[in-house]
1. Place a +1 charge on the Cβ of each Lys and Arg in the range 206-292 and a -1 charge on the Cβ of each Asp and Glu, then give the dipole magnitude about the Cα centre in debye, rounded to the nearest 20.
2. Return the equivalent ellipsoid semi-axes of the range 202-272 as a descending list in whole Å, where each equals the square root of 5 times an eigenvalue of the C-alpha gyration tensor.
3. So what is the relative contact order for the range 269-447, in percent, with contacts set as C-alpha pairs under 8 Å and at least six apart?
4. Ranked from highest to lowest mean number of other Cβ atoms within 10 Å per residue, what is the order of the peptides 222-235, 38-51?
5. Name the shape class, rounded, prolate or oblate, that the alpha-carbon gyration tensor gives for the chain, where a ≥ b ≥ c are the square roots of its eigenvalues, rounded holds for a/c under 1.5, and otherwise prolate holds if a/b is larger than b/c and oblate otherwise.
6. Can you give me the relative contact order of the range 161-316 as a percent, contacts being Cα pairs under 8 Å and 6 or more apart?
7. Rounding to the nearest 20 debye, state how big the charge dipole of the range 269-447 is about its Cα centre with +1 on each Lys and Arg Cβ and -1 on each Asp and Glu Cβ.
8. What is the distance in Å between the Cα centres of the range 405-448 and the range 301-356?
Amino acid sequence: MNEQSSRLVATRTPAPMVSPELYIDGEWRSGSETFAVHNPADGSVLWEVADATADDATAALDAAVAAQPSWRKMAPRARANLLHAAHRLMLAREADIVLAMTLESGKPLTESRAEFNLSVDFLLWFAEQVAHVHGTYADSSNGGFRIVVSHQPVGPSLLITPWNFPLLMIVRKAGAALAAGCTIVAKSAQETPLTNALFVQVLHDAGFPKGVVNLLHTSTSSAISETLMADSRLRKVSFTGSTRVGSVLLRQGAENILNCSLELGGDGPFVVLDDADVDLAVAQAVICKYRNAGQACVAANRIIVHRAVEKEFTAKFVEMVRGLKVGNGLDVVDVGPMISARQRDRLQATIADLVRGGGEVLAGGKAIDGPGYFFEPTVVRFGQRSDVMCNQELFAPVATIFAVDSVAEALAFANDSRFGLASYVFTQDLTRAVAFGEQLEFGMVGINRGIMADPAAPFGGTKASGLGREAGHDGIYEFLEKKYMAVTVGEPTERF
Ligand code: NAD
């Protein structure tokens, strides 16, 4: 860490050391301008970070392009060793990273710790995967030559991440890209650059060669991404964020036929069938909906309950939601603030829309006076089907509940969405669960559970929720391209 590293202005706890600068070609560099990062729990300015310009973006890509040939040639085991070293350093810096996450994103410390633990597991997964990328060797269909297929890194990659899981998102992308042999330019979310800086400092200290990893913070994301994506030396963009921005990037990427992986928005149906374990469904629905103040792409967006258990489910769910403690994530709380005043104010308008669309507020429904951007954990019940429930990612501590009379109705309503990320079904009949799960038009189905992310599982969605999968056995292949060589094989000669 260089001399300009600064200490965060935190009032109640020791603050993490982290550079406020841009990381380009193996060193931290100051920018000509800065922008402020706020603590959503009290609105205070945590610090000022360097604001990258288009020239900084080009410098980062220059570095990534220059480092690409040697990074690609480095032996898989050597790349794996660097990732293992990063994993060990991350574990040693847990306290700083966890604190940074809570300060800049607002999530309770318990959730920051859970995100940290999952993130280090992902890093380990990619470290282990590096040396296990396999190819094939086969006969051509008509004989006469051999088909040799191997995998090669796509090339310099732009990684764009959101604020809601500031550590997990960059680790999941950077881990896969670096394991595959791609150099990276990571662009942090404007709200949460600190966590990204701490992670990149870990990679620096672990010994990643200069130019392999680059990090930009910016207050004008589009200027950075337009510059980089117009440059034909960039070969890949991996984006996590809203469907709106994902579709803009897909259009921009079309110009250079850029390899695109997109993890976008969700509208998760959470289906409770008539034979469900209701207590389990209630407990999992609360975690699935109110974790991260509902600001999760895989959050339960529409709770669809069979009429036979609706009364019991709703009563128990509302009681549990009313008991959730809201407050500063540094305290012992269940739900932290929303990320910004703008998001909180948007939510007040959304609640009014839901009520106009036939919703009845059973719990919460209002913003909580500041400082900080808090909102009451809210439950809105619909007596009949309302289109206002579908195709709208709430991204907030607000659950909608709707009762159905049959399994067929539950399935039709669940699938009535342009999104296809995460879905959930609760039933004690495994055959029914599998049959229902197979017909859900979603990339992921949680059966009797509300949390699914795991390094060994392919994470991603169908329809407007994205393209590609992160992690699992597929994750590394998002950053690899198949290379086919046709090999003429003659008769053995005397030399054999
Ligand atoms: P967002 O799309 O506004 O921003 C995401 C990232 O893109 C940020 O880094 C932002 O600075 C950047 N960005 C914004 N406009 C850009 C532009 N024109 N060009 C290039 N970059 C741009 O989303 P958000 O509000 O930060 O995050 C919430 C969204 O992310 C939700 O829709 C959520 O569902 C989605 N999300 C999806 C997943 C997933 O894995 N599918 C995970 C987390 C979040």
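Only the coordinates and a few stated rules stand behind these numbers; no lab work does. The structure displayed is predicted, hence computed values, not measured ones. Please note: Cβ atoms are built from the backbone with ideal geometry, for glycine as well, and neighbour counts cover all protein chains shown.
1. Dipole magnitude for the range 206-292 comes out near 680 debye.
2. The answer is 26, 20, 12 Å, longest axis first.
3. Relative contact order, the range 269-447: 28 percent.
4. In decreasing order of mean packing, 222-235, 38-51 become 38-51, 222-235.
5. In terms of gyration-tensor shape, oblate.
6. RCO, the range 161-316: 18 percent.
7. 540 debye
8. 22 Å
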